[in-house]
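Encoded as structure tokens, the structure appears first; notes follow it.
What follows draws every value from the coordinates through simple rules; no lab data is involved. Note that this is a predicted model, so its numbers are computed, not measured. Note that we place each Cβ from the backbone using ideal geometry, even for glycine, and neighbour counts take in every protein chain shown.
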Amino acid sequence: MTLSEQLVPLKWADDRLYLLDQTRLPVETIYLELTKIKEVWDAIRHLQVRGAPAIGMAAAYGVYLGIRGSEAASYEAIQAEATEHADYLATSRPTAVNLFWALDRIKERVAREAGKAPEEVKAAVLEEALEIQREDEAVCKQIGENLLTLLEDGIGVLTHCNPGALATAAYGTATAPFYLAKQRGWNLKVYADETRPVLQGARLTALELQKAGVDVTLICDNMAGMVMSQGKVQAVIVGTDRVAANGDVANKIGTYSVAVLAKAHNIPFYVAAPLSSIDLNTPTGAEIPIEERPAEEITHGLGKQVAPTGIKVYNPAFDITPASYITAIVTENGIYKPEEIGNSKK
Ligand SMILES: CSC[C@@H](O)[C@@H](O)C(=O)COP(=O)(O)O
């Protein structure tokens, strides 16, 4: 499996943003061609691009799409426009801190261009977006190397949602060791939770790992306990949308249940987290905003009605796994106990 064979969620080419429409996977591989900032906002909100790092990357390109046709005549005017566009994109989804991290980085880049001509500022914003995407690939690869030191050939590993190549520039975060292990001739046995209600595990993780030739088995979310009790799983690795300063972790709904099961079975529970997902300004998981998504994701989940018309629905898209359930948080800088995550950015 070469890198070029991995599914790529977004590419900048021909002066536009090509986005792999993840709502159509695994059946259709269709790249959207985005040229307007509103299209990027919509794509993020409607999960055509999803996964914390990929959302951040898309938003960074979105700011460029917003300012590139601007007729601003001064640095101050283009800076004001860039800020307004970044603030608009920040309203697309609330939980993944990578979105705000990437937008802040674009704003900081604009600030560093102070006094320059608007055309130069525009070019700098595009360069920063490209750089964020380039860096993310290296970050994911390093997270994979660090995770591999915690695993051994032949073991079973359970994962949840899609913390994969489709959520990042390449490799994924929690899936990076699966790709690297494959390249080294290891035989990890991956169990992918289907991840109700939007099925990122079934539609995306199962697809990308299958394409890569990784030994992947799809299970329903409610089978994780059974699989663990049968001794098929020796480690759990999940991604994250935001790590709070005390080591609590927000990730796709259902992650907390998996962590509780892992603890009950004495199975190590690892969180793969790029530094861009670590939010030391948020003290604990209780302060992380949790997105609630439309009821139809549950009532009409598989394209047909599966619940009574008018039923009351609660659909939080993420949950919080308390630090006490987490064995280690694995970043590109190293491996941390959750309570020591504050050291990761030093
Ligand atoms: C490396 S991606 C980590 C997380 O973003 C991922 O596990 C997740 O929860 C994605 O949720 P999604 O709603 O599909 O954007």
Subtracting the Cα-Cα distance of residue 300 and residue 127 from 0.36 nm times their residue separation yields 58.2 nm
Which of the GluC sites (Glu not before Pro) found in region 314-346 are loop residues per DSSP with 15 or fewer other Cβ atoms within 10 Å of their Cβ?
none
Restricting to Cα pairs under 8 Å and 6 or more apart, the percent relative contact order of region 150-345 works out to 20 percent
Express in whole angstrom the spacing between the alpha-carbon centres of region 140-211 and region 11-36.
22 Å
Length released on extending from residue 138 to residue 150, taking residue separation times 0.36 nm less the Cα-Cα span:
2.4 nm
Using the Cα centre of the chain as the reference point, and only Cβ charges (+1 on K/R, -1 on D/E), how large is the resulting charge dipole? Debye, rounded to the nearest 20.
800 debye
How far, in nm, would the chain grow between residue 74 and residue 286 when pulled straight, counting 0.36 nm per residue and subtracting the alpha carbon separation?
72.1 nm
Inter-part distance where region 82-117 and region 290-346 are each reduced to a Cα centre, Å
24 Å
Those lysines that a straight Cα-Cα span of less than 21 Å connects to residue 182, excepting residues fewer than 8 apart in one chain
141, 211, 232
In terms of the Cα gyration tensor, with a ≥ b ≥ c the square roots of its eigenvalues, is region 159-201 rounded because a/c is under 1.5, prolate because a/b exceeds b/c, or oblate?
oblate
Less than 19 Å apart at the alpha-carbon level, and either on another chain or at least 8 residues along: which lysines does that give for residue 304?
312
Over the chain: Rg over Rh, Cα atoms, Kirkwood Rh
0.97
Provide the convex hull volume over Cα atoms per residue for region 251-346, in Å³.
134 Å³
Would you compute, for the Cα atoms of region 10-129, the largest minus smallest coordinate along each principal axis and list the three values in descending order, in whole Å?
49, 30, 19
Let's test this: bin the Cα-Cα distances of region 150-345 at 10 Å from zero up to the farthest pair and state each bin's percent.
9, 36, 37, 15, 2, 0
Where only C-alpha atoms are counted, convex hull volume of region 137-264 per residue in Å³:
102 Å³
Which lysines, on any chain, are close to residue 36 with Cα under 18 Å apart, when same-chain ones fewer than 8 places away are left out?
11, 122
